[in-house]
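These notes concern the structure reproduced below.
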Amino acid sequence: MLIGQELCKALFNDEYQYVLAVHVDHSHVHNHIIVNNVNFYTGKTFETEHNQGKIPERAWSKLRTISDELCRKQGLSIIENPHLSKGKSHWEWELDQQNLSWKEQLKRTIDEVIKASEDFEDFLAKCADFGILVDYNPDHKIDLKFMLAEQKERNPRAKMTRAKTLGYFYESKQIRRRIESYKYQMSHRPTARIIRTTAEKFQQSQGLTNWADRENMKAASKAINEMTADNTTLEELESAALTAFSQRMSAKSEQSALRKQWDEIQELLPLVEEVIKYTDIHKRYKSLTGKEQTKFGKQCAYELSEYDRLFAKIREIVPEGKVPSPELLRKQLEKIQEQYNEQSAKYDTSKKEADRLAQQIQKKRQSQKTLDRYLQNEQAAKRKKSQLE
């Protein structure tokens, strides 16, 4: 409470009305502040009095600085280097507590729609059935966007997520390919042949009918064995396959992120190694003043120019903070390589598991089709026999 009061006094200078509430309903104690935006002495708004000029949110930007100073005085922790972290909405935070971010939930749901779709147009139509809002415009560079309907309900201001943000496999072209690939895998597999015994030749020969019945029963028995193999149901296999696929996509996404970091450091390292050659000269130049600095600047014009050029390129890659040393960059490359190898192993393992499960799913699906055809033939044969009698 006292820290909150000091914060409000420093920011509002006793010129604005506010309500301060201390919440202890979570593991971290925190303050909520509601402020009347109008200065009760001048009648002007907070923005008018403090945010004039071309610098947006000038006064509000002091809030973090004041809060950090007060927390340090009281020995409380603060967020170091806040610019390096990305905030998240309360919706994302809730899902993270369940070990399932909203993006991961969105990707898994899209995977389910792909499995149920006949083509891309059917995919777009079925998204709503699975609780996904979709925006597709083939004329735009960013042609495909998604959002969970539940997320929109929780936060009406939430923006749709670009397909590219979810990963390569969720872009429109890849979704089309995945639908076709899934349909091909499910349909192009040899199936057991059920002999239709309703043809005229079977009605004229009891021996031929008996032979066909035996062959059909063999096919049906084999299908039942495949359906009950491994004591797993088709739904369980599909769920496991989806998990393996998600793990595979997650590893692929991590690989892409690590590759991006690798490329960035590979670009940065030679620049840092080169700028070091001119660092001492630059420091010497900055330590001088007046005529001595001017004279030294003329003598080392090339070196100082190279330092400025290289440092400007470095700042394009590392906009803020201290420029890392070559030794640190090399260690980071080693660590990234190790992490990349780990993700590669995860990707290979999950891919093998996904392929194995896909084969089992195909077997069970085809076995189910065989049983369905067997039962249909049996019913048709009985109807045919009753008609003849």
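The values are calculated or read from the model by the stated rules, or taken from the named source; none is laboratory data. Owing to the predicted nature of the structure, the values given are computational and were not obtained by experimental measurement. Cβ sites come from the backbone with ideal geometry, for glycine too, and all protein chains shown count toward neighbours. To get the accessible areas, we keep the full protein, side chains included, count just its heavy atoms, and leave off ligands, DNA and RNA. Shrake-Rupley method; radii C 1.70, N 1.55, O 1.52, S 1.80 Å.
Placing R0 at 30 angstrom, the Cβ-Cβ distance between LYS218 and ALA380 gives a FRET efficiency of 0.95 after rounding to 0.05. Taking 7 Å along the Cα-to-C-beta vector as the label spot, tell me the ASP119-ALA158 distance in nanometres, rounded to one decimal. Label-label distance for ASP119 and ALA158, simple model: 3.2 nm. Projected label points at LEU328 and SER256, each 7 Å from Cα along the beta carbon direction, are separated by 2.9 nanometres. The trypsin sites (Lys or Arg not before Pro) found in the stretch 317-389 that occupy coil by DSSP, while having at most 13 further C-beta atoms within 10 Å, are LYS322.
The alpha-carbon of LYS363 sits under 17 angstrom from the alpha-carbons of these aspartates and glutamates, leaving out residues fewer than 8 places away in its chain: GLU226, ASP230, GLU235, GLU236, GLU238, GLU353, ASP355, ASP372. In summary, the aspartates and glutamates within cross-link reach of LYS201, defined as a Cα separation below 18 angstrom excluding same-chain residues under 8 places away, comprise ASP213, GLU215, GLU378, GLU389.
In this structure, the residue pairs whose Cα-Cα separation is over 20 Å, taken from LYS164/LYS335; LYS145/LYS173; LYS252/LYS335; LYS126/LYS152; LYS145/LYS183; LYS107/LYS260, are LYS164/LYS335; LYS145/LYS183; LYS107/LYS260.
By accessible area, using a 1.4 Å probe on protein heavy atoms only, the stretch 255-331 has 52% of its surface on carbon and sulfur. Put simply, the C-alpha atoms of the stretch 225-318 give a gyration tensor, and the ellipsoid matching it has half-axes of 63, 9, 7 Å, longest first.
Taking the alpha-carbon centroid of each part, what is the distance from the stretch 317-364 to the stretch 117-176 in angstrom? Value for the Cα centre distance between the two parts: 26 Å. Straight-line cross-link partners of LYS103 among the aspartates and glutamates, defined as a Cα under 20 Å from its Cα and at least 8 positions apart when in the same chain: GLU92, GLU94, ASP111, GLU112, ASP129, ASP135, ASP143, GLU150, GLU153, GLU171, GLU254.
Ranked by solvent-accessible area (1.4 Å probe, protein heavy atoms only, all chains present), the residues CYS127, CYS300 order from largest to smallest as CYS300, CYS127.
Here ILE276 and ILE66 are evaluated by their C-beta separation; at R0 = 22 Å the FRET efficiency comes out at 0.05.
The calculated FRET efficiency for ILE142 paired with GLN299, based on their beta-carbon distance and R0 = 45 Å, is about 0.25. In the context of the full set of protein chains, residues of the stretch 132-287 present 66 Å² of accessible surface per residue (probe radius 1.4 Å, heavy atoms only). Between ASN210 and PHE40, the contour length at 0.36 nm per residue exceeds the Cα-Cα span by 51.3 nm.
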